[in-house]
Amino acid sequence: MVDSISFSPTTTQDYIVTADSANCQSSDIVTVFVNEPTFSTQSATALDSYIWSLNNQAYTQSGTYTATIPNAVGCDSVVTLNLTLNFTGITENAESQFSIAPNPASSKINVKSDVALIGSKFIIYDALGEEVKSGKITSIDTEVDLSNLNNGVYLFKIGAKQIGTFKIIKE
């Protein structure tokens, strides 16, 4: 402050403070510490999903994400995560003899099955285990519409005994 006028230093350094009262002048050196925000970047590659330990958030899509946390001096520390997810494809299951493609899918999947599964019921469950869609296998190539489902990871089960549990990723 100079003559009651405040100032905003931008760097940490020593400043000389001078006071003048009744023709008596006094001065002192004061070190002003300027605490600054920090920025950093992390990169990660994972299979199907990723839990970022910085914020315990689970991610199911590749992308760039940020988190803001306090740094050592109490200012904001912005951390950027560059995330690449690789997804497992669902291929033929020898026991149940069916396959699902594409996976990940945006709006529809195609269930290719052998003749023995025609007429079998399928159920799709969300991550909480709630049934979100069901239907029947109507032919060796049955198309299943996923457009009404939110993006995320789902479990697909098929047949009277609900043989096999397969992960489907809706993007």
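Checking the condition touching a strand residue (DSSP E or B) at 6+ places or on another chain (Cβ under 6 Å), surrounded by fewer than 11 Cβ atoms within 10 Å (Cβ to Cβ) and acidic (D, E), which residue from D76, D20, D28 passes? Can you show your working first?
Values: D76 fails: surrounded by fewer than 11 Cβ atoms within 10 Å (Cβ to Cβ); D20 fails: touching a strand residue (DSSP E or B) at 6+ places or on another chain (Cβ under 6 Å).
Result of the check over D76, D20, D28: D28.
For region 77-104, which residues satisfy the criterion of being part of a loop (DSSP other than H, G, I, E, B) and modelled with pLDDT of 85 or more?
Within region 77-104, P102, N103, P104 qualify.
Can you name every residue in region 51-61 that is at pLDDT 85 or above, surrounded by 14 or more Cβ atoms within 10 Å (Cβ to Cβ) and more than 19 Å from F39 (Cα to Cα)?
Y59
Please verify whether T142 is surrounded by 15 or more Cβ atoms within 10 Å (Cβ to Cβ), more than 27 Å from L85 (Cβ to Cβ) and of a type in the set (V, I, T), treating the condition exactly as stated.
Numbers: surrounded by 15 or more Cβ atoms within 10 Å (Cβ to Cβ): yes; more than 27 Å from L85 (Cβ to Cβ): yes; of a type in the set (V, I, T): yes.
Here the answer is yes, as T142 does meet what is asked.
The values are calculated or read from the model by the stated rules, or taken from the named source; none is laboratory data. Quick caveat: nothing in here was measured; it's all calculated off a predicted structure. Methodologically, a virtual Cβ is constructed for each residue, glycine included, from the backbone with ideal geometry; neighbour enumeration extends over all protein chains shown.
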